[in-house]
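Taking it in order: structure first as structure tokens, then the write-up.
The values are calculated or read from the model by the stated rules, or taken from the named source; none is laboratory data. These figures come from a predicted structure and were not determined experimentally. Please note: Cβ atoms are built from the backbone with ideal geometry, for glycine as well, and neighbour counts cover all protein chains shown.
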Amino acid sequence: MSKSQIDVAQLQRRDPSAWTALLRQVLQTDDVVVTAVSAEPLPTSLYQAKIPHLVRYTLALRGHSDPITCIAKRTNRRETIFYRQLAPHLPQITPRCWFSYLDEEQGWIILDDIPRHHLPTNWSAEQVETVIQEMAFIHATFWNREEELAELGFPYFIGNKVYSLKELREEQAIYFEQGPGAIISSHALQHAGNLAPLLVQAANGLTVLQELGGWPGIITETHLQALSDLLDDPLPMIAPLRELPLTLLHGDPHSRHWQLTLFNEFYLTDWHKLSIGPSVLDLVNFLEQFDLLFVNNEEWQLVVREERPITDETMIDTYLLALSGLLPGEFNARLVRQAIPAAQCLYVLTGWMSAFANWFAQKPSKITWQKVNKMNDEELKGTVFRPLVAFRPYLNGVFNRFLQAYRKL
């Protein structure tokens, strides 16, 4: 039975014969028989709410006391195509794909169950540098292969699409009905490309913060004005990024998506946000989220790193040196370094600003917000604003770096 003949429904129904056929192909041996299959749904964090559920399958084998496990994931078209077409080019960095099924825009994949022996909280400086080098290897592998990636149907992160106000009103009517869309100028739409919808969402977050009077100690009037300026004219931010070669972007290379094993293996998982764009976007995404640690048993599943094993500058240098070595004569380290401030600004606009709108969906009054910001951490823990305890010191750094980056554009 070939993979194309293995029925996805039989696998999902835990039919031992279907799993036997699949496992024989994966292990390349007929000397294996699956006698029973059990399934364990895996929890996903609050910040992975849009990722379809994960299931760990445990396969009992005839004549063997130890079972074999694998991970099945319902995902989108992008990730399914990635594991079918591109993951074979990255066998040392991506989990082995046992099976993939695609039905229009939805997919189902079965992957190796990779252990996570080294949690990001305990990464050494050497491990962080290796992660950065592996990320550089991914980018180098698909450097300037834009046409090939586009043929697979992967979207451009920035791109050259020109949105009209009419299109955006149709796609994101709620933002225009409530006012934030009015912040976006026609000039911004002309230069934003595929980013236009994301900038509309950022405008929504900006509107919320403006109505609250900012965030004392974190987002001041100076920050709000800088954000407003970029939404009115994003060209100084976008232009440096358009000058860079394109490659495959993971889209969210946060430390929680890296699996480090005892055997010195480094795997990058969760490719559902992949796109085509300049590699510096992945680099900055990793840098800006490096201090955020997602811990399953922690309230809100998030803590902020207390001590850093490595500096941002060392991580940047490691990345640039790795790509220079992988792409001799092709890679312009100076151009990438100069684009980092633009990538930092774009990260804040397309990430945190839309997140704020979701956080404050039930927007507090300005008076309530002022009271909240006078509370200490212990007082906040007893309110609906308890996530701020972890976020306040972290976001203070994010927005200080944003302002510095904005001034360098």
Legend entry - Pair list, Cβ < 7 Å and 6+ apart or interchain, from segment 81-95 residues that are under 20 Å from Pro155 (Cα atoms) to residues that are crowded, with 17+ Cβ neighbours inside 10 Å and among the polar types (S, T, N, Q): Tyr83/Ser100; Arg84/Ser100; Ala87/Thr94
Legend entry - Exclusive hit being closer than 26 Å to Leu244 by Cα, of a type outside the set (D, E, K, R) and outside the structural domain of Leu199 (by TED's automatic domain parsing), set Leu346, Leu326: Leu326
Inset, instruction - Could you please find all residues in segment 3-22 being free of Cβ contacts under 8 Å to residues at least 60 places away in the same chain and part of a helix (DSSP H, G or I)? - result: Ser4, Gln5, Ala9, Gln10, Pro16, Ser17, Ala18, Trp19, Thr20, Ala21
Inset, instruction - Tell me which residues, restricted to segment 90-143, are farther than 14 Å from His257 by Cβ, at pLDDT below 95 and in a helix (DSSP H, G or I). - result: Thr121, Asn122
Inset, instruction - Only residues that are buried (at least 20 other Cβ atoms within 10 Å of the Cβ) and not small (Gly, Ala, Ser): list them for segment 272-286, please. - result: His272, Leu274, Ile276, Pro278, Val280, Leu281, Asp282, Leu283, Val284, Asn285, Phe286
Legend entry - Elements of type strands (runs of 3 or more DSSP E) in segment 217-292, at least 3 residues being free of Cβ contacts under 8 Å to residues at least 60 places away in the same chain and among the charged types (D, E, K, R): none
